[in-house]
Each structure stands twice: as C-alpha cells, then as structure tokens.
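Before any comments, here is the structure.
The values are calculated or read from the model by the stated rules, or taken from the named source; none is laboratory data. All values derive from a computational prediction rather than experimental measurement. Virtual Cβ from ideal backbone geometry, glycine too; neighbours counted across all protein chains shown. Note: areas computed on protein heavy atoms with side chains; ligands, DNA, RNA excluded. Shrake-Rupley method; radii C 1.70, N 1.55, O 1.52, S 1.80 Å.
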Amino acid sequence: MLFSTRALAVSLFAVALASPPIHAGDSDTESRLQTLEQELADLKLHEPSAEPPISKTWEAGAELTLMRPAIGSLALGSKVVEDQLEITPSYDLNAAYRVWLGRQSSNGLGWRIAFWRFADSASLDFDYLDNTTLTSDLDLYAIDIEATHTGKLASWELFSSIGVRIGGVGSKESLTYGENAVSFDERFTGAGLTFSIGTRRPLGNSHWSLYGGFRGSLMYGASDFSVDVDAADLLGMTIGLDGSVVDRTVSVFEMQVGLQYERSTAYGQIFGRLGLETQLWELPPVVAGIGDKNIGLIGPTFTFGLRR
C-alpha cells in the first residue's frame, strides 16, 4: 500500500511537469495544476504511518524479596503487671525468591512461567514459664503459567496476563513444655485462575523508569491437617489426630511499585529493579469457623533480568 501510494504521487508529479507552461489567463491549465496539487496533498495526508512492530524477545529474571510476615502478634498486660506479656511470636525479615521465563511475539502476545517461594519460622520463649516455647512455621509457594500481552498508550507501557496458578500454604504451631509438646499442622494445596496488570513509564530520556503492578489469584483445593499431643512426661499419654478438608478456597492479592533501570548491551537488554512488594493470603477456617488465618507479607524487592 505504501509503495503504490508513492508511485501514484510520482506519476501525478510527472503529469504536472509534462503539462504545457502556464500563461497568464490560462485558467484551465491553472485549475488542472491546482487539482493535481490537492490530490497530492490528500495522498500525503492519508499515507499510512510505518510504526515499528514490537520486537520478538525472550525474557528471564530472578527476584529476591526480604519479606516480613504479618499474622498478628498478641501481647497481654494489666494494671498490676506493667510489662506486657507476649503470647505469640513475631516474625523478622526473611528472603523470598522468584524466577521466571517468558517469550513475547511481534504482536505483543506471549507466555510466561514463574515460580515463587517463601518459608520462615519464629519462636517465643516464655520467661514466666520455664522450658516453655511456642514455635510458628510458614511455607508458601506459587507456580504461575500464563498468557501475556504488552502494549503502549502514549508514554505508558502496559502489561497484562491471565493464566493458571498452582500453589500451597503450610503452617504449623507448636508448643513445647519440657519433654511435652502440642502441635497443629495444616497444609493446603490447590490450583485456580490468576491475572495481573502492570505499567511502566520512562523518566525523561534516562535509563530509569517507574513501574507498578497488581496480581490477583483464586485457588481451589484441599487441606490436610494433624493435631499431635505428646504428654508422656506430664500425663503419661500421646494423642494423634489426622484429617482433611475439601472444597477450600484461598485468595491471594499482590502489589509491587518501584524504580527500574534498563540499558542495551551486547547480550541484550539488561534491567534491574528496586521496589516494595506486599502480599495478602486469605485462608478460610479449617472447620466450624476454627483455624482461619490471614497472612500478610511486606518488604523490599531486588530484581535482575535479561531481555533479548
């Protein structure tokens, strides 16, 4: 289309040159030239613009996030006791990691596979009860397999994806008193839909840009749980109970914001990010409204990736 338009414009220009010279008062020739000039202007106005297509690329990246779980730490106090007594342990920052691999075609469509995992443990020694410790363990993971799309709106680069998430949540609470122990262990495994939206905007003509994104996931699955009571030293008995709960749902919400640095090299486009990530995992009760738990995660994130 672009070639034929230019060829037609050249033909019209050649016709104009081949026309006899314009003499004063030659209204027909002058009118004809004006018509040709208008047609040439219309052709230039409607000539399609050749926008560069989105390049076909591979993308791989690794991310380290220092996250602090927020489950709710309980402390009790009274007017008699000035110092508050901690009842549940508090978590500190611990590392979570994410790796991904993706492919994008020339029309902006593509695919991506990502894996994320976080595990941590916290404990609390009761000063007012000798040899008594409460321990809390967490283990979260997610595998995302999704279709992606990249587009552009003015200076904003837009990203979206939809696909399948396979994930799990493990939590364990243990209370030990000397040689005696009581523990409750729950493990959820499920799968469901996940979607994400994100954007990136360059900061002027520099290598820096702002980025942000949101992801939501809803997984359906089952939970296995066990309750163990080992009171042989105290009561002379040991009790164990195992069970499972089906048709459970776990929803996950994630957000990221931060700065990105990107530049071209002989190996492709390398990029690094420094940002803040938050997550919320909503777990339903195990049974009869007992055992429901919301797990919040927040912390700085560091990313390195290659696009080529």
Out of all the residues in region 211-234, is one or more of a type in the set (Phe, Trp, Tyr), touching a residue at least 24 places away in the same chain (Cβ under 8 Å), under 30 Å from residue 131 (Cα atoms) and touching a Phe, Trp or Tyr at 6+ places or on another chain (Cβ under 8 Å)? yes
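Could you tell me whether residue 98 is touching a residue at least 40 places away in the same chain (Cβ under 8 Å) and open to solvent by less than 70 Å² (accessible area, probe 1.4 Å)?
Details: touching a residue at least 40 places away in the same chain (Cβ under 8 Å): no; open to solvent by less than 70 Å² (accessible area, probe 1.4 Å): yes.
For residue 98, the condition - touching a residue at least 40 places away in the same chain (Cβ under 8 Å) and open to solvent by less than 70 Å² (accessible area, probe 1.4 Å) - is not met.
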So which pairs qualify, if the first residue must be in region 292-308 and more than 30 Å from residue 184 (Cα to Cα) and open to solvent by less than 50 Å² (accessible area, probe 1.4 Å), the second must be in a strand (DSSP E or B) and of a type in the set (Phe, Trp, Tyr), the Cβ gap must be under 8 Å, and the two must be at least 6 apart or on different chains? 303/271; 305/271; 307/58; 307/271
Just to verify a result, which residue in region 169-227, among those that are touching a Ser or Thr at 6+ places or on another chain (Cβ under 9 Å) and not in a strand (DSSP E or B), is most open to solvent (accessible area, probe 1.4 Å)? 203
In region 130-143, residue surrounded by the most Cβ atoms within 10 Å (Cβ to Cβ) [restricted to those that are without any contact (Cβ under 8 Å) to a residue 60 or more places away in the chain and closer than 27 Å to residue 68 by Cβ]: 134
Please identify the pairs in which a residue from region 189-207 that is in contact (Cβ under 8 Å) with a residue 12 or more places away in the chain has its Cβ atom under 9 Å from the Cβ atom of a residue that is open to solvent by 60 Å² or more (accessible area, probe 1.4 Å) and of a type in the set (Asp, Glu), counting only partners at least 6 apart or on another chain. 189/224
